[in-house]
Amino acid sequence: MSAVVRVAAAVMLRSDGREFLLAQRPEGKVYAGYWEFPGGKVEAGESMRDALVRELHEEMGITVTACTPWLTRRFTYPHATVHLEFWRVTAWTGEIGITGPLEHAAVDWQEKAKSPTVEPILPANGPILKALSLPETMLITHAEGDGTQAQLARLAARLKQHEGSLPPLIQLRDKQLPANERQAFAAAVVDLAHAHGALVVINDDAALARDCGADGLHLSAGALAATQQRPDFAWVGASCHTAGEVARAGELELDYALLGPVLPTPTHPEHPGIGWDEFAARRADNGIPVLALGGMQESLRATAMAHGAHGIALMRGW
Ligand SMILES: Nc1nc2c([nH]c(=O)n2[C@@H]2O[C@H](COP(=O)(O)OP(=O)(O)OP(=O)(O)O)[C@@H](O)[C@H]2O)c(=O)[nH]1
């Protein structure tokens, strides 16, 4: 069996973060005409980051000045098995260009929240495009503490702040609310969220998720362990604490994992938090977007991203 080919791929984001760049493979290469993220193979002795910087310079004539690891994926093509590492690239110098006929046939900016307007896309990249449309903030409800009316008012104010940018993903948690109150709260949250273009997932109750018209299901770690196949919803994620659970969420082809608690949090006072290095280690190489949970607030977003987080999940910090 031939060795696995390591590939660095760049998700180049325009400054407002809403658009990313796709590039078309030129004639003469395998999958000619297909669209991909710019990048290429890692050379012997080279780090992933160095390969990314080199490829973007060779292919587009730019110098990367800010990038963070994001997702990994292993994929077997007829010609090779590739280990792909996707990095977010948020700053560069120079003008993006096509430096030669063997690099790309064309480049095109695409909107994250929409289906791509170009095709075909390289087969390994389908889940990557879905991950790009996953919000980078999750708001988790805690109406048990605040009361449902106060939560709805706070949510309405918070969703207004997001007008014009990708709205957050909302997880309805509140596992202890009486069933009828949870139902009414879920219906109100879905109405409010959908009016602002935001998605809602319901914690551990598939029937309620269907009844209230939510967009998906959020599995607790216990439910994840008991799940044999991906539940049938547009969006499904899971709470994870260990690397094994993150891997399981990846195997089930879920859309995201929450990993934590990263820092101390009132929800789990017995737990000191795993810290950022452990967060990075437990999320590594699983191919699934991972949001950091536990003690999060907006000011920690950049730290989370530097450790490979897709984004942050807030329970009390929103
Ligand atoms: N650059 C890039 N490669 C990808 C992506 N998705 C994906 O499956 N791949 C695969 O990863 C491998 C990258 O190899 P490449 O041929 O582009 O690398 P390269 O620029 O070094 O080309 P070369 O072989 O001509 O030297 C290919 O098998 C390609 O199909 C992607 O989004 N970007």
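The values are calculated or read from the model by the stated rules, or taken from the named source; none is laboratory data. Predicted, not measured: the structure shown is a model, and the values here were computed from it. Note that each Cβ is placed from the backbone with ideal geometry, even for glycine, and that neighbours are counted across all protein chains shown. Ligands, DNA and RNA are stripped out before the accessible areas are found, and what is left, the full protein with its side chains, is counted by its heavy atoms. Shrake-Rupley method; radii C 1.70, N 1.55, O 1.52, S 1.80 Å.
Conditions (1) open to solvent by 50 Å² or more (accessible area, probe 1.4 Å); (2) among the aliphatic types (A, V, I, L, M); (3) closer than 22 Å to Ala124 by Cα, marked per residue:
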position: Gly237; (1), (2), (3): no, no, yes
position: Val246; (1), (2), (3): no, yes, yes
position: Gly250; (1), (2), (3): no, no, yes
position: Gly273; (1), (2), (3): no, no, no
position: Trp276; (1), (2), (3): no, no, no
position: Arg282; (1), (2), (3): yes, no, no
position: Asp285; (1), (2), (3): yes, no, yes
Problem set entry | Residue satisfying all of: in the stretch 66-83; aromatic (Phe, Trp, Tyr) and within 8 Å of the ligand (Cβ to nearest atom); least open to solvent (accessible area, probe 1.4 Å) among these | Tyr77
Problem set entry | Filter result for Ala198 (at pLDDT 95 or above and either within 15 Å of Val290 (Cα to Cα) or open to solvent by 30 Å² or more (accessible area, probe 1.4 Å) (or both)) | no
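Taking the criterion of being in a strand (DSSP E or B), closer than 30 Å to Leu199 by Cα and not acidic (Asp, Glu), would at least one residue in the stretch 75-84 satisfy it?
Step one: filter the stretch 75-84 for residues in a strand (DSSP E or B), giving 75-76, 81-84.
Then keep just the ones that are closer than 30 Å to Leu199 by Cα; that gives 75, 84.
When the remaining residues are screened for being not acidic (Asp, Glu), the result is 75, 84.
Yes.
Filter the stretch 31-46 for residues that are within 28 Å of Ala284 (Cβ to Cβ) and surrounded by fewer than 20 Cβ atoms within 10 Å (Cβ to Cβ) and give the result.
Tyr31, Tyr34, Gly40, Lys41, Glu43, Ala44, Gly45, Glu46
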Exercise. Got a number for residues in the stretch 17-41 being within 15 Å of Trp92 (Cα to Cα) and near the ligand (Cβ under 8 Å from one of its atoms)?
Worked result: 2
Exercise. Which one of these is open to solvent by 20 Å² or more (accessible area, probe 1.4 Å), within 11 Å of the ligand (Cβ to nearest atom) and closer than 30 Å to Ala281 by Cβ: Arg49, Arg54?
Worked result: Arg54
Exercise. Within the stretch 211-223, can one find any residue that is closer than 23 Å to Asp146 by Cβ and of a type in the set (A, V, I, L, M)?
Worked result: yes
For this session: Could you list, in sequence order, all residues of the stretch 56-68 that are part of a strand (DSSP E or B) and within 23 Å of the chain's Cα centre (by Cα)?
Result: Val64, Thr65, Ala66, Cys67, Thr68
Problem set entry | Selection within the stretch 281-318 - within 18 Å of Asp255 (Cα to Cα) and of a type in the set (Gly, Ala, Ser) | Ala284, Gly287, Ala292, Gly308, Ala309, Gly311, Ala313
For this session: Quick one: Ala207 ticks every box in (1) open to solvent by 20 Å² or more (accessible area, probe 1.4 Å); (2) outside any loop (DSSP other than H, G, I, E, B); (3) touching a helix residue (DSSP H, G or I) at 6+ places or on another chain (Cβ under 9 Å) except a single one, so which number is it?
Result: (3)
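Out of everything in the stretch 33-55 that is without any contact (Cβ under 8 Å) to a residue 24 or more places away in the chain and in a loop (DSSP other than H, G, I, E, B), what residue ends up being nearest to the chain's Cα centre (by Cα)? If you could, list the steps in order and put the result at the bottom.
We begin by selecting, within the stretch 33-55, every residue without any contact (Cβ under 8 Å) to a residue 24 or more places away in the chain; these are 43-47, 50, 53-54.
Still in the running and in a loop (DSSP other than H, G, I, E, B): 43-47.
Numbers: Glu43: 27, Ala44: 29, Gly45: 29, Glu46: 26, Ser47: 23 Å.
Out of the qualifying residues, it is Ser47.
Inspect all residues belonging to the stretch 19-28 and state whether any of them is small (Gly, Ala, Ser), touching a Phe, Trp or Tyr at 6+ places or on another chain (Cβ under 9 Å) and either under 22 Å from Gly287 (Cα atoms) or crowded, with 21+ Cβ neighbours inside 10 Å (or both).
Taking the stretch 19-28 and keeping what is small (Gly, Ala, Ser), we get 23, 28.
Next, only the ones that are touching a Phe, Trp or Tyr at 6+ places or on another chain (Cβ under 9 Å) stay: 23.
Imposing the further condition that a residue be either under 22 Å from Gly287 (Cα atoms) or crowded, with 21+ Cβ neighbours inside 10 Å (or both) reduces the set to 23.
Yes, there is a match, as at least one residue in the stretch 19-28 is small (Gly, Ala, Ser), touching a Phe, Trp or Tyr at 6+ places or on another chain (Cβ under 9 Å) and either under 22 Å from Gly287 (Cα atoms) or crowded, with 21+ Cβ neighbours inside 10 Å (or both).
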For this session: Output yes when any residue across the stretch 86-94 is within 10 Å of the ligand (Cβ to nearest atom) and not in a loop (DSSP other than H, G, I, E, B), and no when none is.
Result: yes
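Based on what the data block shows, is Arg14 farther than 30 Å from Gly164 by Cα, in the same structural domain as Glu119 (by TED's automatic domain parsing), more than 8 Å from the ligand (Cβ to nearest atom) and open to solvent by 20 Å² or more (accessible area, probe 1.4 Å)?
Numbers: farther than 30 Å from Gly164 by Cα: no; in the same structural domain as Glu119 (by TED's automatic domain parsing): yes; more than 8 Å from the ligand (Cβ to nearest atom): yes; open to solvent by 20 Å² or more (accessible area, probe 1.4 Å): yes.
Judged against the criteria, Arg14 is not a match.
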